[in-house]
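> There's a structure below that I have some questions on.
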Amino acid sequence: MKHIGVAGLGNMGRGMALSLQRGGFTVSGYDPAAVATEGIAREGVGIVASVAALAAAVDVLILSLPTSDVVEAVVFGADGLLAGAKPGLLVVDTTTADPDSTRKVAAALADKGVRFIDAPVSGGPKGAATGSMTMVLGGAAEDIAAVTPVLEAMSAKRIHVGPVGAGHVTKLLNNLMCGAHLIVAGEAARIAAAAGLDPQQIFEGINAGSGRSGVTQANYPTWISNDAFNSGFTMKLMRKDLRLAMGLLADLGMSAPLSGEVGRLWAASSATLADGEDFNRIVQFIEK
């Protein structure tokens, strides 16, 4: 597995492609947007004319796409993955996607002898560019073992969580919990300020206790307390992930009242927080 393809060369896909290149792999890519391909082509990544051509040329194909609908279009389209894939190709989907769609895609690929791993990522554009992402993996153990050298060039930590689809379920639950932690941390900061206290000092105390979370330990000092709000992950993307999480709960017939309220609040935030805003801005949301 020496020739790796990346379909989708946006903020995340570009970083993955360059990390793979630094890892000693031959990397080719495809993106319909010329602005995404021009710069990376100058850095030595080969650009091909279609996903079908990319799938025909590589040993492993990484998908870095925004939604399940786009994944399905890339897989099933007239000049898409299925049109060009050869038996033995291994597809790694890093999209945060709908698990039902993921299983449908994986089954269609399997009929053509193409292996599939769902591998949603955490770490943002910086993690992609530095090869320091975390990946949660759904798929067969032998497929994950086969592609591990490729994944090691892209990520610092990899956790196999179950069969195909399990990676995307895990990622949705992770983002559901992150969304909840951001909301309650924002409320805690406002409560501390109303009590005449410094929220940053309060969070230092919380981080020494059992109330700490990734939000209080990482998001607040990195993007919130300093008013940076430049994580590279938008409100639009996080709202999409929360909608998928709510869909998962509905499909399973689960009673999860707190999770449901988190999903409702994220959806309601669209009235005052634009899609393009950094997702950490949710800490400022106060429902009227």
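> When the C-alpha atoms of the range 170-249 are aligned to their principal axes, what extent does each axis show, in angstrom, from largest down?
40, 26, 21
> Then there is this: Just to be sure I understand the curve: with the Debye formula and one point per C-alpha of the range 1-109, what is log10 I(q)/I(0) at q = 0.16, 0.18, 0.21, 0.24 Å⁻¹?
Treating every Cα as an identical point scatterer, log10 I(q)/I(0) equals -0.63, -0.80, -1.10, -1.42.
> To make sure I understand the rule: partners must be lysines, Cα under 16 Å from the Cα of LYS104, and not fewer than 8 residues away in the same chain. Which ones qualify?
Answer for LYS104, where 16 Å is the Cα cut-off: LYS112, listed by chain and number.
> While we're on this one: Extending each Cα 7 Å along its Cβ direction at ALA256 and GLU38, get the distance between those two points in nm, one decimal.
Computed distance between label sites ALA256 and GLU38 equals 4.3 nm.
> Next question. Considering only the range 78-172, what is the antiparallel percent among its DSSP beta bridges, to the nearest 5?
Numbers: 3 of 13 bridges.
Of all bridge pairs located within the range 78-172, approximately 25 percent are antiparallel.
> In angstroms, what radius of gyration and Dmax does the chain have, counting Cα atoms only?
19.8, 65
> What is the distance, in nm, between label points placed 7 Å from the Cα along the Cα-to-Cβ direction at LYS86 and at ILE159?
3.7
> May I pose another question? Compute the signed sum of charges (Lys and Arg +1, Asp and Glu -1) over the other residues within less than 15 Å, Cβ to Cβ, of ALA41.
Numbers: positive: ARG14, ARG42; negative: ASP31, GLU38, GLU43.
Summing Lys/Arg as +1 and Asp/Glu as -1 gives -1.
> Accessible area per residue for the range 1-78 in Å², computed with a 1.4 Å probe and the full protein assembly in place, what is it? Don't jump to the answer; show the numbers that get you there.
Details: 3190 Å² over 78 residues.
Accessible area per residue: 41 Å².
> To the nearest 10 square angstrom, how much accessible area does HIS3 have with a 1.4 angstrom probe?
Here the residue's solvent-accessible area equals roughly 50 Å².
> Assign one of three labels to the range 2-54, namely rounded, prolate or oblate, based on the Cα gyration tensor with a ≥ b ≥ c the square roots of its eigenvalues; rounded applies when a/c is under 1.5, prolate when it is not and a/b is larger than b/c, and oblate otherwise. Don't skip to the answer; put the middle values down first.
Values: a/c = 1.67, a/b = 1.23, b/c = 1.36.
Because a/c hits 1.5 or more and a/b fails to exceed b/c, the range 2-54 counts as oblate.
> Still on this model: Between THR222 and ALA140, what's the calculated FRET efficiency when r is the beta-carbon distance and R0 is 41 Å? Round to 0.05.
Once rounded, the FRET efficiency stands at 0.70.
> Given a cut-off of under 8 Å on Cα pairs at least six residues apart, what relative contact order in percent is computed for the chain?
It rounds to 14 percent for the chain.
> May I pose another question? Roughly what % of DSSP beta bridges within the chain run antiparallel, to the nearest 5? Display every interim value, and only then the final one.
Details: 4 of 29 bridges.
Approximately 15 percent, going by the DSSP bridge assignments.
> If we sort 26-35, 235-244, 251-260, 206-215 on the protection proxy, mean other Cβ atoms within 10 Å, highest first, what's the order? Display every interim value, and only then the final one.
Details: 26-35: 17.2, 235-244: 20.2, 251-260: 11.2, 206-215: 13.7.
So the peptides 26-35, 235-244, 251-260, 206-215, ranked by packing, come out 235-244, 26-35, 206-215, 251-260.
> For a quick protection proxy, order the peptides 168-178, 191-201 by their average other-Cβ count within 10 Å, most packed first.
Working: 168-178: 21.3, 191-201: 12.1.
Ranking the peptides 168-178, 191-201 by packing returns 168-178, 191-201.
> Can you send over the carbon and sulfur percentage of the accessible area for the chain, probe radius 1.4 Å, protein chains only?
Numbers: 7320 of 12890 Å².
After summing per-atom areas, the C and S share lands at 57 percent.
> Now for a separate question. I need the calculated FRET efficiency for the pair LYS288 and HIS3, taking r as the beta carbon distance and R₀ as 51 Å, to the nearest 0.05. Don't jump to the answer; show the numbers that get you there.
Details: r = 54 Å, r/R0 = 1.06.
After rounding, the FRET efficiency stands at 0.40.
> To continue, here is another question. Taking R0 as 30 Å, what FRET efficiency do you get between GLU277 and ILE47 from their Cβ-Cβ distance, rounded to the nearest 0.05?
Details: r = 32 Å, r/R0 = 1.06.
That gives a FRET efficiency of 0.40.
> Taking just the alpha-carbon atoms of the range 137-288, what radius of gyration and Dmax come out, in angstrom?
So, for the range 137-288, Rg and Dmax equal 17.5, 57 Å respectively.
> Before I look further, what does the range 172-279 give for accessible area per residue, probe 1.4 Å, in whole square angstrom?
Numbers: 5760 Å² over 108 residues.
For the range 172-279, the solvent-accessible area averages 53 Å² per residue.
The values are calculated or read from the model by the stated rules, or taken from the named source; none is laboratory data. Everything numeric here is computed off the predicted structure, so don't read it as measured data. Positions of Cβ are backbone-derived with ideal geometry, glycine not excepted, and every protein chain shown enters the neighbour counts. For accessibility, only protein heavy atoms count, side chains too; no ligands or nucleic acids. Shrake-Rupley method; radii C 1.70, N 1.55, O 1.52, S 1.80 Å.
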